[in-house]
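In what follows, a structure is listed as structure tokens, so that the remarks can point back to it.
The values are calculated or read from the model by the stated rules, or taken from the named source; none is laboratory data. Since the structure is predicted, the reported quantities are computational estimates derived from the model, not experimental observations. Neighbour counts run over all protein chains shown; Cβ positions are idealised from the backbone, glycine included.
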Amino acid sequence: MGVTRIGSITNKPSGANARWPTPLSPLMPMTEISYRDADPKSDFEFGRTLHHSAYKDVVCRQFGSWDESIQDGFFKEGWNRAPHKVILVDDVPVGIYSIAVKSDHVFFSELQILPEYQGKGLGSKIVEEQMKHAKTLDLPLRLQVLRENKAQELYLRLGFIVIGTTDLHVKMEWRR
């Protein structure tokens, strides 16, 4: 289980709490973004807590309320369905995602970033890396987001197009 370096983003403060995730500031020096394979057991609680913090607002907007036991079920189903990567900033876990290469596309799912790290360029860096990966495979990159998820704006800005909708999701695709 190695760590792979994938880019840089703006740094978090150092000091006594340097190992704890803190908001990024565009005025600080650059730092390293990396990822590692998620361990299904030891990373489970981080993933579950992240799921709650990353999805609570969008779930409440779309469905009107948050039921923790239902969300725990959704999280567990997604966690067990596919392997995940843990996103690290200065070796501190700040997010997760999953990627699956299919015969006709690459499916990118479960991009979840701690709220205090959102809007700082981290999501863009991760998605751009996956776009490059899909391009090397000569395959489109596909994903789906909840209809009320503001991340749609990020995906549209990066060149994704809407290829379909369901009652719950917007399906999107990027091609080189």
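Looking across the stretch 150-173, the residues that are part of a loop (DSSP other than H, G, I, E, B) and surrounded by 12 or more Cβ atoms within 10 Å (Cβ to Cβ) come down to LYS150, LEU158, GLY159, PHE160, LEU168. If the condition is being under 30 Å from ARG81 (Cβ atoms) and either modelled with pLDDT of 95 or more or out of contact with any helix residue (DSSP H, G or I) (no Cβ under 9 Å at 6 or more places or on another chain) (or both), then the stretch 21-37 contributes GLU32, SER34, ARG36, ASP37.
Considering the stretch 77-122, the qualifying strands (runs of 3 or more DSSP E), each wholly inside and each with 3 or more residues that are touching a Leu at 6+ places or on another chain (Cβ under 8 Å), run over 92-101, 106-113.
Within the stretch 55-74, residues that are surrounded by 13 or more Cβ atoms within 10 Å (Cβ to Cβ) and in a loop (DSSP other than H, G, I, E, B) reach partners that are aliphatic (A, V, I, L, M) and at pLDDT 90 or above with beta carbons closer than 6 Å, at six or more positions or on different chains, in the pairs TRP66/VAL59. With the structure loaded, tell me whether ASP167 is free of Cβ contacts under 8 Å to residues at least 60 places away in the same chain, out of contact with any Gly (no Cβ under 8 Å at 6 or more places or on another chain) and at positive phi or whether it fails that test. When the stated conditions are applied, ASP167 does not pass them. Listed by first and then second residue, the pairs with beta-carbon distance under 9 Å, at least 6 apart or on different chains, first residue in the stretch 136-147 and more than 10 Å from VAL106 (Cβ to Cβ), second basic (Lys, Arg) and surrounded by 18 or more Cβ atoms within 10 Å (Cβ to Cβ), form an empty list.
Checking every residue in the stretch 129-138 against the condition of being closer than 19 Å to ILE33 by Cβ, of a type outside the set (A, V, I, L, M) and in contact with a strand residue (DSSP E or B) (Cβ under 6 Å, 6 or more places away or on another chain) gives at least one match. A count restricted to the stretch 133-149 and to residues that are assigned to a helix (DSSP H, G or I) and within 13 Å of ARG175 (Cβ to Cβ) stands at 2.
Put simply, of ILE87, ILE96, ILE126 the only residue that is closer than 30 Å to LYS41 by Cα and touching a helix residue (DSSP H, G or I) at 6+ places or on another chain (Cβ under 6 Å) is ILE96. If you go through the stretch 132-149 and keep only what is surrounded by fewer than 19 Cβ atoms within 10 Å (Cβ to Cβ), modelled with pLDDT of 95 or more and of a type in the set (A, V, I, L, M), you end up with LEU137, LEU139. Scanning the stretch 86-127 for residues that are surrounded by 14 or more Cβ atoms within 10 Å (Cβ to Cβ) and either acidic (Asp, Glu) or farther than 23 Å from ASP57 by Cβ (or both) yields LEU88, ASP90, ILE99, HIS105, VAL106, PHE107, GLU110, GLU116.
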